[in-house]
Amino acid sequence: MNPQTLVHGDDSDRAAERRLLLRLAGEIGTKSSRTRRHFLAGLTRNAEAALARAGVRARVASEWTRLVVSTRDPEAAREVLARVFGVHSVHEAAPVPFTSLQGLVEALVPLYAERVRGRSFAIRCKRRAPVGFSSQDLAVQLGAALLPFARRVDLSDPEVEVAVELHDGRAEALLESSPGAGGLPLGTGGRAIGLFSGGFDSPVAAWRVMRRGTELDLLICDLGGCGQMDQALAVAKELALRWTPGREPRFWVVDLAPVVLALTQRADPRLRQIMLRRAMYRAGSALAEDLDASALVTGESLGQVSTQTLGNIRACEQAATVPVLRPLIGMGKDEIIAQARSIGTYEVSARVHEHCSISPGRVETWASPARIDAAEAAIEAEPLTPEWIHAAVRRRRRVDLLDWTPGALPDLVVTSVPAGAVVLDVREPEEGPLAGDRRLPFSRAAELLDQLDPDRTYLLVCASGQRSYSLARELVRRGVTAWSLAGGVGALPPHAA
């Protein structure tokens, strides 16, 4: 495969440039020629995007066995590129011109003498062009020259590897190196929907699937008073900026607060968590269908909590219409937390509490699908139906992770009552007494919005702010001045309630 320069710099930059060699993750080398070219192209695009997002000027060239990056800021580039999926390792290469084997050895010894001092080492030579001597010749002579500085030679498990590549008339000494993320290039494995809460599990599950080349859209279900939107968004942003720069996942919010209300009012407390989980599966499946994604990704670990027993997993999965991937299924909590530390999400995830517990007392640990189907049918609550959940997914809100900051409010959202505004309570009557001036149940919005005076200003409120935001956007689309109250009815001032 011919090298292809993908990011260009001017000639004045090139004199001061350093070269980084990116070795490919081993699996890429096992692919067919056609697949390997596809993976290399994806990896090169991802490396380019990551460097651009970090503000590192660089030129990226794709070769059959590696990527070559030329930059004036090798330390920053190496740090960024080590987190690009599909990269096995990143090495800074120092050019060493030579005219003879002896001259090359003499030039290499000062570069490696301190690195091997008092340690075991091995020489790793690779010849990429005819140079008049073999890789073995260089390994023998360079090893002999470095041995007085070192503890010993160890070809099987050295503390230091002295890596040199031979080209026509020059060598490259591989000096500073960083382990890469491994895996497969992001974007080569299709698209999936990650159910996301921001705790330890879901970010690790997302990372493990992205490392296998699958792009994710992240979905958080807003459950009203028991959700923690800001904390989950903070975790998602950390994950995106650290591991997918330039290829950040989209983040979607779907309002399932009415589902929580229906379950707490009508469902058997022992079955509520399972039924809520099924509603999330339905929402994720509907989003997957809308976005042409092929699977759901969850952070479930077998036996970790009541909804994650084998029986309850079976009952929940029957609500999904796409395959469900569980990359943590055989991991213990200690292993998950250890990986959260290694990928850099532990600190932000530690600030996220249990997303939503709506089952006081004992919880069913092994419910049959038939039992849950019957329980849902007996409740006869509209928010539990697939049709209602599909409609909630169509009303979803997208959050731009790059622009989001903690406490930031989306457009049309206010923290106080605008002067002269009519306060509309868009909750269902069974959710509580009227808050504000008038009830406009969300379930009847299609017929009732047309009855509003378009010359008035409206403030919409609901349990959490999701339904009110959705209707405020619809009113604005119709040319009406409307706002949504941040925090829902709990944030409504007493004089306006």
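The values are calculated or read from the model by the stated rules, or taken from the named source; none is laboratory data. Being a predicted model, the structure only gives us computed values, none of them experimental. FYI the Cβ positions are ideal-geometry reconstructions off the backbone, even for glycines, and counts take in every protein chain you see. Ligands, DNA and RNA are excluded from the accessible area calculation, which covers all protein heavy atoms including side chains. Shrake-Rupley method; radii C 1.70, N 1.55, O 1.52, S 1.80 Å.
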Item to check | Where the chain is the region considered: accessible area per residue in Å², 1.4 Å probe | outcome: 44 Å²
Next on the checklist: Over all directions, how big on average is the projection of the convex hull of the alpha-carbon atoms in region 98-161, in square nanometres?
Outcome noted: 4.1 nm²
Checklist outcome for this item: Reduced to Cα centres, the span from region 360-407 to region 266-308 in Å works out to 7 Å
Checklist entry - How much length, in nm to one decimal, is gained on full extension between Arg438 and Arg212, taken as 0.36 nm per residue of separation minus their Cα-Cα distance? => result 76.2 nm
Item to check | Low-density loop positions, GluC sites (Glu not before Pro), region 348-449 - DSSP coil, at most 13 other Cβ in 10 Å | outcome: Glu354, Glu380
Checklist entry - Helix 333-343 versus the longest principal axis of the chain: what angle, 0 to 90°, nearest 10, using Cα atoms? => result 60 degrees
Item to check | Inter-centroid distance (Cα atoms) of region 127-201 relative to region 74-120, Å | outcome: 9 Å
Checklist entry - In the full protein assembly as shown, how much of Val109 is accessible to a 1.4 Å probe, in Å² to the nearest 10? => result 30 Å²
Next on the checklist: I want the antiparallel fraction of DSSP beta bridges within the chain, as a percent rounded to 5.
Outcome noted: 50 percent
Checklist entry - Going by the alpha-carbon gyration tensor, a ≥ b ≥ c the square roots of its eigenvalues, is region 320-478 rounded (a/c under 1.5) or, if a/c is not under 1.5, prolate (a/b greater than b/c) versus oblate? => result oblate
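Ala391 to Lys31: FRET efficiency via 1/(1 + (r/R0)^6), r the Cβ-Cβ distance, R0 45 Å, to the nearest 0.05? List each step's numbers first, then the result.
Details: r = 43 Å, r/R0 = 0.95.
So, using R0 = 45 Å, E works out to roughly 0.60.
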Checklist outcome for this item: Once the dipole of region 147-254 is set up from charges on Cβ (+1 Lys and Arg, -1 Asp and Glu), the residue from the list Leu241, Leu216, Leu184 lying farthest towards its positive end is Leu216
Item to check | Projected-area average for region 457-497 over all orientations - Cα convex hull basis, square nanometres | outcome: 2.6 nm²
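Which chymotrypsin sites (Phe, Trp or Tyr not before Pro) does region 175-221 hold that lie in a coil by DSSP with at most 10 other beta carbons within 10 Å?
Passing both the DSSP loop test and the Cβ count: no residue.
Once fully extended, how much extra length lies between Ser416 and Thr365, figured as 0.36 nm per residue of separation less the alpha-carbon to alpha-carbon distance?
Numbers: separation 51, 0.36 × 51 = 18.36 nm, distance 4.40 nm.
Difference between extended and current length: 14.0 nm.
With charges set only on the Cβ (+1 for Lys and Arg, -1 for Asp and Glu), what does the dipole of the chain come to about its Cα centre, in debye to the nearest 20?
So the dipole magnitude of the chain works out to roughly 1040 debye.
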Checklist outcome for this item: Karplus ³J(HN,Hα) for region 98-105 (6.51 cos²θ - 1.76 cosθ + 1.60, θ = phi - 60°; Hz, whole; x = Gly/Pro) runs 7, 10, 8, 4, 4, x, 5, 4
Checklist entry - For Arg250, which sequence-distant residues (separation of 5 or more, or a different chain) have an amide H within less than 5 Å of its own amide H, given hydrogens modelled in the peptide plane? => result Leu218
Checklist entry - In the calculated pair distance distribution of region 18-155, what percentage of Cα-Cα distances lie above 28 Å? => result 32 percent
Checklist entry - When all alpha-carbon pairs of region 400-497 are counted, what percent fall beyond 16 Å? => result 51 percent
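Between Ala374 and Ala129, what length in nm is gained on full extension when 0.36 nm per residue of separation is reduced by their alpha carbon distance?
Extending this stretch completely gives an extra 81.0 nm.
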Checklist entry - Scattering from the C-alpha atoms of region 292-333 alone, worked out with Debye: what is log10 I(q)/I(0) at q = 0.25 1/Å? => result -0.87
Next on the checklist: Between 0 and 90 degrees, rounded to the nearest ten: what's the tilt of helix 33-53 against the longest Cα principal axis of the chain?
Outcome noted: 70 degrees
Checklist entry - How many percent of Cα pairs in region 84-224 exceed 24 Å? => result 49 percent
Checklist entry - Which residue, chosen from Ala392, Leu434, Tyr469, occupies the Cα position most advanced towards the positive end of the dipole of the chain, where the dipole is computed from +1 (Lys, Arg) and -1 (Asp, Glu) charges on Cβ about the Cα centre? => result Ala392
Next on the checklist: Given bins 20 angstrom wide, list per bin the percent of all Cα-Cα distances in the chain, short to long.
Outcome noted: 20, 42, 25, 11, 1
Checklist entry - Carbon and sulfur: what percent of the chain's accessible surface (1.4 Å probe)? => result 49 percent
Item to check | Angle between the chain longest axis and helix 229-243 axis [Cα atoms, degrees, rounded to 10] | outcome: 20 degrees
